[in-house]
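Below is one structure, written out as structure tokens, with a few remarks after it.
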Amino acid sequence: MKTPLLQFTDNGIYCKKANVYLDPWKPVDHAIISHGHADHSRYGHKKYITHHRNVPIIQHRLGEINVTGKEWGETFDVNNVKFSLHPAGHILGSSQIRVEYKGEGKTSILFGYSLGKAQRLLKYLNTDIGEIYTHGAIENMTEVLRPLVDFPKTTLITRETKKEQLLGNIVLAPPSAHGSTWIRKMVPYVTASASGWMTFRGARRRRAIDKGFVLSDHCDWGGLLESIEATGADKIICTHGYTDIFSKYLREQGYDARTEATQYGEEETEAALASKSTASV
Ligand SMILES: [Zn+2]
């Protein structure tokens, strides 16, 4: 049977491949410590790794120890096993410990509109995890914005790009690329979409996306109501999105609200309209 990446032993939770223990209860050579409570931070380990905010806490408890502090999301390697610490929401410096060996061997494809969502994703992406490759539409728009915003490095996918280069890395692509031959050439991959629509149940399933993240360039329900209140407007005309539901709600709140049909829509729809009109010229 294959040895699991983590196993319970008499000393504590053990990662054999790295020869590292997580919050061990008996003295070991190499310990990664999740947080400063006494049941997790024990005496006698030769080396401690923990979040830097936990360093003064465990030094206070344990005195002179050999300890290294890490930042959230910082990946560190022990015998080719990748570890990183992520906030656990317990006490100061408390961490979830991520352990990865040899990765998933897949390309992570993240969908987002080429103007707006893609650049927001770029700002948020943890570049320690892998390199960021882009679809042409996103690369071009990002280049336009680069003088204004400090984005991480991106690499345009070209005909010469081998799919092996992409494995374990991130690809940013516009939603229109979903299901295209361009994407299918990247097998094996996992897909994710960042959209405000992810808040609606079933949106992810309908689009056949593996993972969904809620990320919107627009106000949410609460944000819209706050904005309306802040402007002091008494007449509101709804033009985008769930206009009927929202204007009905506003009328119930005593506003003079109605909808107006416009040609506004999603970025992609605009692009499709533009290309249609070009085609018909
Ligand atoms: Zn605790």
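The values are calculated or read from the model by the stated rules, or taken from the named source; none is laboratory data. Small disclaimer: the values here were computed from a predicted structure and weren't measured. We place every Cβ from the backbone using ideal geometry, glycine too, and count neighbours over all the protein chains shown.
Glu64 - would you say it is loosely packed, with under 14 Cβ neighbours inside 10 Å, free of Cβ contacts under 8 Å to residues at least 24 places away in the same chain, away from the ligand (no atom under 16 Å from the Cβ) and in a loop (DSSP other than H, G, I, E, B)? For Glu64, the condition - loosely packed, with under 14 Cβ neighbours inside 10 Å, free of Cβ contacts under 8 Å to residues at least 24 places away in the same chain, away from the ligand (no atom under 16 Å from the Cβ) and in a loop (DSSP other than H, G, I, E, B) - is met.
Determine whether the range 122-142 contains at least one residue that is within 16 Å of the chain's Cα centre (by Cα), farther than 22 Å from Lys163 by Cα and not polar (S, T, N, Q). So far as the range 122-142 goes, yes, one or more of its residues are within 16 Å of the chain's Cα centre (by Cα), farther than 22 Å from Lys163 by Cα and not polar (S, T, N, Q).
Applying the criterion of being among the basic types (Lys, Arg) and over 14 Å from Asp128 (Cα atoms) to the residues of the range 53-82, the residue that is farthest from the chain's Cα centre (by Cα) is Arg61. Here the helices (runs of 4 or more DSSP H) wholly within the range 191-276 that include at least 3 residues being at pLDDT below 85 and closer than 30 Å to Leu110 by Cα are 203-206, 221-231. Restricting the range 102-121 to residues that are among the hydrophobic types (A, V, I, L, M, F, W, C) and in contact with a strand residue (DSSP E or B) (Cβ under 7 Å, 6 or more places away or on another chain), the residue that is farthest from Gly168 (Cα to Cα) is Ala118. Would you confirm whether any residue within the range 22-34 is of a type in the set (Asp, Glu) and surrounded by 15 or more Cβ atoms within 10 Å (Cβ to Cβ)? Yes: one or more hits.
Could you tell me whether the range 24-40 includes any residue that is farther than 18 Å from Pro56 by Cβ and either basic (Lys, Arg) or in contact with a Cys (Cβ under 7 Å, 6 or more places away or on another chain) (or both)? Checking the range 24-40: at least one residue is farther than 18 Å from Pro56 by Cβ and either basic (Lys, Arg) or in contact with a Cys (Cβ under 7 Å, 6 or more places away or on another chain) (or both). Would you confirm whether any residue within the range 94-101 is outside any loop (DSSP other than H, G, I, E, B), within 16 Å of the ligand (Cβ to nearest atom) and either crowded, with 18+ Cβ neighbours inside 10 Å or without any contact (Cβ under 8 Å) to a residue 12 or more places away in the chain (or both)? Yes: the range 94-101 contains one or more residues that are outside any loop (DSSP other than H, G, I, E, B), within 16 Å of the ligand (Cβ to nearest atom) and either crowded, with 18+ Cβ neighbours inside 10 Å or without any contact (Cβ under 8 Å) to a residue 12 or more places away in the chain (or both). Which of the residues spanning the range 67-93 are touching a helix residue (DSSP H, G or I) at 6+ places or on another chain (Cβ under 6 Å) and buried (at least 19 other Cβ atoms within 10 Å of the Cβ)? Within the range 67-93, just Val67 meets the criteria.
When the range 33-52 is filtered for residues that are within 14 Å of the ligand (Cβ to nearest atom) and closer than 27 Å to Gly130 by Cβ, the ones remaining, listed by number, are Ile33, Ser34, Thr50, His51. Taking each residue of the range 201-222 that is of a type outside the set (D, E, K, R) and looking for partners that are at pLDDT 70 or above and surrounded by 14 or more Cβ atoms within 10 Å (Cβ to Cβ) with beta-carbon atoms closer than 6 Å, six or more apart or interchain, yields Ile209/Thr191; Ile209/Ser193; Gly212/Ser193; Phe213/Ala194; Leu215/Ala194. For Ala137, the criteria (1) crowded, with 17+ Cβ neighbours inside 10 Å; (2) in contact with a strand residue (DSSP E or B) (Cβ under 6 Å, 6 or more places away or on another chain) hold in every case but one, which is (2).
How many residues are of a type in the set (D, E, K, R) and in a strand (DSSP E or B) when one looks only at the range 1-45? Residues that pass the stated criteria total 0.
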